[in-house]
Amino acid sequence: MQTINNIFECKFCQDLLNKCILLPCRETICEKHTLSNQKINCPSCRNEHEVPKKGFPLNKIVNLFIEVKLYELYFGEAYQIVKHSCLKLDQTFESYFKMIEKPSEFPIQFFEQMVQAIDLKREEIKLENESYAKNLVIELFDSEHDIIKESKNEKFESVYSYLEIAKIKSDDDKIR
Ligand SMILES: [Zn+2]
Ligand SMILES: [Zn+2]
């Protein structure tokens, strides 16, 4: 079965095609295999081809394609992601190796880090809860304040009854 890897593999050296030429039989191989010979046996069809004085024509499209793909491989986005991950992994290993160098410190440092992480999380949750509670108190106070204010308002009763009517109406709508 043809795969991307063996399409771009030189049948001569089984390596990735490198500056490739086109043989008269349409097989593509690296130019280097034809340079110091007058004749070349095609590794695919076994036919013998005479090497022209100017050499065989370059397979431009394949050469360009490989160039672009190699560039992507070495400098493309995927490469950057892999490079970044490798660097992070390297840093992690380095920090562990440092700990392992002093085995007595390893568990202590490890547990200290864990305790610090837990303390931090607890502080975070505490702060979150505090601000939530504070907001709740403010909201409660505000609504209480509003109710007191509203109840003193003469219009409160009429507004209230209007809301009640609206509620009954919408309940009726639901029944229908
Ligand atoms: Zn080759
Ligand atoms: Zn051939």
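Residues checked against (1) away from ligand 2 (no atom under 15 Å from the Cβ); (2) modelled with pLDDT of 95 or more:
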residue	(1), (2)
T3	yes, no
C10	no, no
C13	yes, no
I21	no, yes
R26	no, no
S36	yes, no
P43	no, no
E48	no, yes
K54	yes, no
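Here are some residues: I21, I29, I40. Which one is buried (at least 16 other Cβ atoms within 10 Å of the Cβ), near ligand 1 (Cβ under 9 Å from one of its atoms) and not in a loop (DSSP other than H, G, I, E, B)? Even if it seems obvious, please write down each step before you answer.
Details: I21 fails: near ligand 1 (Cβ under 9 Å from one of its atoms); I40 fails: near ligand 1 (Cβ under 9 Å from one of its atoms).
Going through I21, I29, I40 in turn, the sole match is I29.
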Got a sec? Which of V68, V82, V62 is in a helix (DSSP H, G or I), within 16 Å of ligand 1 (Cβ to nearest atom) and surrounded by 10 or more Cβ atoms within 10 Å (Cβ to Cβ)? V62
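The values are calculated or read from the model by the stated rules, or taken from the named source; none is laboratory data. Note that the structure is a prediction, hence the values are computed from the model and not measured. With ideal geometry, Cβ positions are generated from the backbone for all residues, glycine too; neighbour counts draw on all protein chains shown.
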